[in-house]
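The values are calculated or read from the model by the stated rules, or taken from the named source; none is laboratory data. Here the structure is a predicted model, which means the values were calculated and not measured. Note that we place each Cβ from the backbone using ideal geometry, even for glycine, and neighbour counts take in every protein chain shown. The protein model used for the area step is the full one, side chains on, heavy atoms only, and it has no ligands, DNA or RNA in it. Shrake-Rupley method; radii C 1.70, N 1.55, O 1.52, S 1.80 Å.
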Amino acid sequence: MAQIKNVGVYTSGGDAPGMNAAIRAVVRTALYYNLEVTGIRRGYEGMINGDFLTMDRKSVGNIIQRGGTILKTARSEHFKTAEGRKLAYENLKKRGIDALVAIGGDGTFTGAKVFGKEYNFPIVGLPGTIDNDLLGTDYTIGYDTAINTVIDAVDKIRDTAESHDRLFIVEVMGRDSGLIALRTGIAAGAEAILIPETKTDLNALYHKLEQGRKDKSSKIVIVAEGEEAGGAFEIGKLIKDRFPNYDTRVSVLGHIQRGGRPSCQDRVLASRVGVAAVEALLKGHHNEMIGVINGEISYTPFESAIKHNTEINPALLKIVDILSL
Ligand code: ATP
């Protein structure tokens with residue numbers, strides 16, 4: 001295997017708090033091992049357009065605490081074509097980049113897997129997504145910050161819900177995954193959570209709301225974006241039809257869940273996997289996502305990592321049920 005001299009780093013797909021901490025870790029570790037390091041702006045789009053910048057230790061100064069990504073991110077349809085990937089390869093070669101660290105979610109790793117195989121290019125990935133839906137890591141970078149943002153918002157909603165005796169349907173992110181809804185539902189003391197992984201039993205929900213209504217003035221139901229019965233507005237409409245005398249409101253938290261200062265946990269996770277990624281490349285790893293399982297660094301082939309983590313712990317669902325009595 002050829003010796004690695006210049007590592008390219010990019011963020012791609014949806015942004016997540018902690019991506020900057022990951023970029024910083026990759027850059028500083030590469031410099032520590034006397035490698036050059038090149039930032040690629042806007043993910044695969046930047047690769048195709050040759051949008052590169054040389055990173056030094058100062059270029060990642062004062063970013064560990066910042067949300068978003070200084071390298072910007074994008075979605076690239078062009079990279080899904082063989083012609084787009086050829087342009088990307090030619091640009092990388094021209095620039096002397098001989099290994100890559102991809103920071104993103106399942107789409108990013110799917111692209112990395114295809115490209116890595118096509119051009120025999122060494123790539124490792126860091127799990128950067130608020131959804132926590134990748135296999136091969138207990139947590140993804142951004143998830144902890146996002147769930148803390150959600151509970152801050154729901155605590156505020158609860159104040160107004162309580163004052164007005166309102167029922168709030170709160171929609172959180174998660175097109176395919178209910179993991180944000182499940183955790184925040186427990187932490188915010190929701191009456192119920194509705195998630196894509198389980199069939200929504202509307203009658204059970206109505207029953208619960210009816211029972212609880214007798215001695216509870218406010219209520220919170222957390223709904224994941226991709227919930228199978230149709231999302232927060234649809235659920236809100238059904239509840240209004242069923243209980244016209246309830247003061248029911250829908251609140252969609254939206255993009256605030258992606259922003260903000262990364263939590264301590266996300267910064268530490270990003271730093272750990274960022275260091276491990278460069279070390280893994282130097283040891284000859286490629287086509288793998290670097291994660292942390294039970295406190296230890298783990299290496300998972302891209303093709304396994306992208307198989308969605310759809311496992312919902314039934315014990316957690318039961319906790320929501322018991323504690324919302
Ligand atoms: P998140 O889950 O947080 O949104 P993500 O990494 O899954 O992040 P996507 O938009 O799904 O985000 O993917 C990012 C990019 O990866 C796509 O815009 C595309 O350029 C590339 N990509 C995805 N699938 C493929 C594929 N089959 N072949 C080549 N490139 C791909």
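Couple of notes before you dig in:
- Area accessible to solvent at residue 81, 1.4 Å probe radius, in Å²: 60
- Overall, the anisotropy analysis places the stretch 145-258 in the oblate class: the square-rooted eigenvalues a ≥ b ≥ c of its C-alpha gyration tensor yield a/c not less than 1.5, with a/b not exceeding b/c.
- Choice from 198, 300, 184 with maximal GNM fluctuation in the chain (Cα, 10 Å cutoff): 198
- Placing +1 on the Cβ of every Lys and Arg and -1 on the Cβ of every Asp and Glu, with nothing else charged, gives the stretch 145-258 a dipole about its Cα centre of roughly 160 debye.
- Mean-position separation - Cα centroids, the stretch 67-124 and the stretch 145-191, in angstrom: 36
- Pairs of Cα atoms farther than 24 Å apart, the chain, %: 55
- Its alpha carbons give the stretch 118-177 an Rg and a Dmax of 17.5, 61 Å.
- Placing +1 on each Lys and Arg Cβ and -1 on each Asp and Glu Cβ, with no other charges, gives the chain a dipole about its Cα centre of roughly 920 debye.
- Straight-distance crosslink candidates among lysines, where the alpha carbon sits under 30 Å from residue 208 and sequence neighbours closer than 8 are dropped: 156, 199, 216, 219, 237, 240, 318
- With respect to the chain, whose longest principal axis is taken over its alpha-carbon atoms, helix 202-213 is tilted by about 60°.
- Phi-derived couplings, Karplus 6.51 cos²θ - 1.76 cosθ + 1.60 at θ = phi - 60°, listed residue by residue for the stretch 182-199: 5, 5, 6, x, 5, 5, 9, x, 6, 6, 7, 10, 10, 9, x, 6, 10, 6 Hz, with x used for Gly and Pro.
- Selection from 12, 37, 122, by position along the positive dipole direction of the chain (Cβ): 37
- Highest mean first, the peptides 124-135, 259-270, 40-51 sorted by other C-beta atoms within 10 Å per residue fall in the order 124-135, 40-51, 259-270.
- With both labels modelled 7 Å from their Cα along Cα-to-Cβ, the residue 70 to residue 307 distance reads 3.8 nm.
- Selection among 207, 151, 226 by position relative to the dipole of the chain gives 151 as farthest towards the positive end (Cβ unit charges, Cα centre).
- Fraction of accessible area attributable to carbon and sulfur, the chain (%, probe 1.4 Å): 50
- Aspartates and glutamates with Cα under 12 Å of residue 80, excluding same-chain neighbours fewer than 8 positions away: 45
- Sequence ranges 107-118, 25-36, ranked by mean other-Cβ count within 10 angstrom, highest first: 107-118, 25-36
- Nearest 10 degrees, 0 to 90: helix 106-119 Cα axis against the chain principal axis: 20
- Once the C-beta distance of residue 82 and residue 3 is scaled by a Förster radius of 25 Å, the resulting FRET efficiency is 0.30 to the nearest 0.05.
- Under 16 Å of direct C-alpha separation, and excluding same-chain neighbours fewer than eight residues apart, residue 307 reaches these lysines: 113.
- Cα long-axis angle, helix 314-323 against the chain (0 to 90 degrees, to the nearest 10): 40
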